[in-house]
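The structure under discussion appears below in the form of structure tokens.
No lab work stands behind these numbers, since they all come straight from the coordinates. Remember, predicted model here, so these are calculated numbers, not experimental data. Here the Cβ positions follow ideal geometry from the backbone for every residue, glycine too, while neighbour counts run over all protein chains shown.
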Amino acid sequence: MLVLEMYRSLPRHLAGRVLNGGSSGRNLAGRVSGILSGYTSPLRLVTRDEPAVHRAGWARLRTRLSGICGSDLGALSGSTSLYFSALVSMPFVPGHEVVAELLEDCEDLPAGTRVVVDPVLTCAARGVEACQACTAGRTNRCERITVGHLRPGLQTGFCADTGGGWGQFLEAHRSQLHAVPDGLPDEQAVLTEPTACAVHTAMRAQVPVNARVLVSGAGPVGLLTTLALRSLTPAGEITVVAKHSRQRELARLCGATEVVTPGEVLRRVRRATGAFQVRPAFGSPYLLGGVDVAIDAVGSRHSLESVLHATRAGGRVVLSGMPAAADLSAVWFRELEVTGAYASAQVEEYADGSDQTGQRGAFDLAGELVRGEAVREMARSMASYPLHRWREALDHAGGAGGLGTVKVAFDPRSTR
Ligand SMILES: [Zn+2]
């Protein structure tokens with residue numbers, strides 16, 4: 001089968017990182033061209049054997065569409081923290097945002113069923129006794145992601161044994177599969193995984209009734225998080241930071257009350273909340289006062305500092321993008337509650353709009369959101385590429401926002 005394979009060993013990858021200056025900045029857009037896809041790229045197009053997990057509960061899938069995520073671009077450009085090197089096995093086929101069809105029956109799901117994949121490779125998928133986190137349904141917190149019958153890999157798309165969505169075929173465990181309703185286009189279905197992460201982020205934000213929320217970033221993560229906040233939490237005003245005109249339009253459609261540029265954030269939040277702005281001897285100004293809840297949906301140093309600088313004392317900051325290093329003085333001095341939001345869980349606690357809370361899986365909640373108008377509109381701004389045009393695809397993904405593209409995906413069935 002034809003796949004894109006991440007094959008580079010760590011030393012070579014690090015050399016690429018030095019050549020590219022990859023550790024100096026996290027803002028991929030604008031400087032990405034040729035870096036991910038040039039001669040130092042750790043990715044290559046190869047023919048290799050289909051994955052051979054062949055265990056009870058596992059089934060073969062044919063990929064229909066697989067998205068390119070910011071975390072994939074981070075891994076390819078070498079800007080991802082070495083922390084994660086213990087949690088992957090090489091060579092792996094990337095691609096954890098997947099819509100595919102079953103090539104054989106998988107327990108209750110018949111061959112031919114169109115599915116989306118919850119990529120986290122939990123205890124159930126690894127055939128080991130469930131850890132505490134998995135037992136509680138907090139599957140994204142699984143502690144067994146390096147053991148069992150699979151080699152290490154925190155998710156499908158980072159594990160050498162399962163294959164990934166950037167290949168023609170992969171294997172997945174029944175616990176990872178969610179059937180896609182007939183009539184839902186692949187372009188919307190492939191956004192289910194990022195939407196599930198957005199649902200999880202919205203839950204981790206623990207938004208108080210009528211709270212003022214700031215979302216920094218209007219790529220797919222920021223847009224879908226805005227949609228999840230508006231749909232599933234009692235948030236009041238939601239301010240979204242967007243750079244590009246198409247992002248601004250979509251942010252409003254997702255439920256933003258106002259959309260601002262990165263340069264306007266502090267001024268607008270100050271005015272809206274009656275905060276004071278102060279300016280340190282060096283570096284950017286910050287607020288005393290600000291929003292109740294802020295979400296970094298980018299993962300750059302600039303984005304993280306801007307949310308730390310615009311959140312009121314005692315407020316909550318959620319890191320939804322893979323975080324960069326930043327000055328944490330505000331976390332200490334303003335007693336911010338900083339929390340991570342990684343992937344999504346099979347059991348999420350959500351509010352239903354009144355003060356009732358319930359428990360449902362993130363993919364279940366996401367399945368409803370992706371059928372709505374906002375995601376339908378986002379799916380219209382999707383670009384898909386055959387595997388052999390991977391260099392173009394990655395360059396496009398790196399500059400997607402400015403080109404009006406919401407998501408770039410691979411269609412491994414295409415040979416165009
Ligand atoms: Zn587990």
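A Gaussian network model of the chain, with springs between Cα atoms under 10 Å, assigns the largest mean-square fluctuation among Val265, Val46, Val99 to Val46.
Panel order for Lys243, Lys407, by other beta carbons found within 10 Å of each beta carbon, from fewest to most: Lys243, Lys407.
A straight chain from Arg376 to Arg301 at 0.36 nm per residue would run longer than the Cα-Cα distance by 23.9 nm.
The phi-based Karplus calculation (6.51 cos²θ - 1.76 cosθ + 1.60; θ = phi - 60°) puts the 3J(HN,Hα) values of segment 150-155 at 9, 5, x, x, 5, 8 Hz, whole numbers, x for Gly and Pro.
Each of Leu184, Leu403, Leu43 was scored by other Cβ atoms within 10 Å of its Cβ. Arranged with the fewest first, they read Leu403, Leu184, Leu43. Here segment 261-357 is treated as an ellipsoid with the same Cα gyration tensor; its semi-axes, largest first and in whole Å, are 25, 17, 12.
A run of the chain free of exposed loop cleavage sites, with GluC sites (Glu not before Pro) counted only in DSSP states other than H, G, I, E and B and at most 16 other beta carbons within 10 Å, reaches its longest extent at 1-103. Rounded to the nearest 20 debye, the dipole size of segment 103-239 about its Cα centre is 680 debye, using +1 on the Cβ of Lys and Arg and -1 on the Cβ of Asp and Glu.
Under 13 Å from the 7 Å Cα→Cβ point of Ser329, by amide nitrogen: which residues of segment 273-305? Backbone N within reach: 278-288.
Any chance you could give the angle, 0 to 90 degrees and rounded to 10, that helix 220-232 forms with the longest Cα principal axis of the chain? Its long axis makes an angle of about 70 degrees. Among Ala136, Ala251, Ala202, whose mean-square fluctuation peaks in a Gaussian network model of the chain (Cα, cutoff 10 Å)? In this elastic network of the chain, the residue with the biggest mean-square fluctuation among Ala136, Ala251, Ala202 is Ala136. Remark: segment 159-164, residue by residue, has Karplus-estimated 3J(HN,Hα) of 10, 5, 8, 9, x, x Hz, where x stands for each Gly or Pro and the curve is 6.51 cos²θ - 1.76 cosθ + 1.60 at θ = phi - 60°. Annotation: amide H-H contacts under 5 Å for Val338 (H modelled 1.01 Å from N, sequence separation of 5 or more, or interchain): Val317. The mean sequence separation of alpha-carbon pairs under 8 Å and at least six residues apart, normalised by the residue count of the chain, gives a relative contact order of 18 percent.
Divide the volume of the convex hull around the Cα atoms of segment 318-416 by the residue count and you get 181 Å³ per residue. Across Ala272, Ala393, Ala198, mean-square fluctuation computed from a Gaussian network of the chain (C-alpha pairs under 10 Å connected) peaks at Ala272. Considering only the Cα atoms of segment 164-305, their convex hull presents on average a projected area of 11.0 nm².
Between Thr47 and Ser81, residue separation times 0.36 nm minus the direct Cα-Cα distance comes to 9.3 nm.
Taking amide H as placed 1.01 Å from N in the peptide plane, the amide H of Val260 sits under 5 Å from that of Val240, Val241, Ala242, each at least 5 places away or on another chain. Rounded to the nearest 20 debye, the dipole magnitude of the chain is 1400 debye, with +1 charges on Lys and Arg beta carbons, -1 on Asp and Glu beta carbons, and the Cα centre as origin. For segment 161-204, the Kirkwood hydrodynamic radius from C-alpha pairs, put into Stokes-Einstein at 25 °C and a viscosity of 0.890 mPa s, yields a diffusion coefficient of 197 µm² per second. Dividing the Cα radius of gyration of the chain by 2.2 N^0.38 Å, with N the residue count, gives 0.94. Restricted to Cα atoms, segment 286-327 shows a radius of gyration and a Dmax of 9.4, 26 angstrom. The relative contact order of segment 172-308 comes to 23 percent, based on Cα pairs under 8 Å that sit 6 or more residues apart.
Taking amide H atoms as placed 1.01 Å from N in the peptide plane, the amide H of Glu237 lies under 5 Å from those of Val213, each 5 or more residues away in sequence or on another chain. Selection among Ala124, Ala136, Leu103 by position relative to the dipole of segment 98-152 gives Ala136 as farthest towards the positive end (Cβ unit charges, Cα centre). Global dimensions of segment 87-203 from alpha-carbon coordinates: Rg and Dmax equal 13.8, 38 Å.
Radius of gyration (Cα atoms) of segment 146-241, expressed as a multiple of 2.2 N^0.38 Å: 1.35. Listed by Cβ neighbour count within 10 Å, with the fewest neighbours leading, Val3, Val278, Val338 appear as Val278, Val338, Val3. Taking the helices alone, the chain has a mean residue ellipticity at 222 nm of -7500 deg cm²/dmol, built from -39,500 (n - 2.57) per DSSP H run of at least 4 residues and averaged over all its residues. The HN-Hα couplings worked out from phi for segment 105-116 by the Karplus form 6.51 cos²θ - 1.76 cosθ + 1.60 (θ = phi - 60°) are 4, 10, 6, 7, 9, x, 3, x, 5, 7, 9, 10 Hz, whole numbers, x standing for Gly and Pro.
Figure legend: label point modelled 7 angstrom from the Cα of Tyr7 along Cα→Cβ; residues of segment 45-85 with amide N under 17 Å from it are 45-51, 76.
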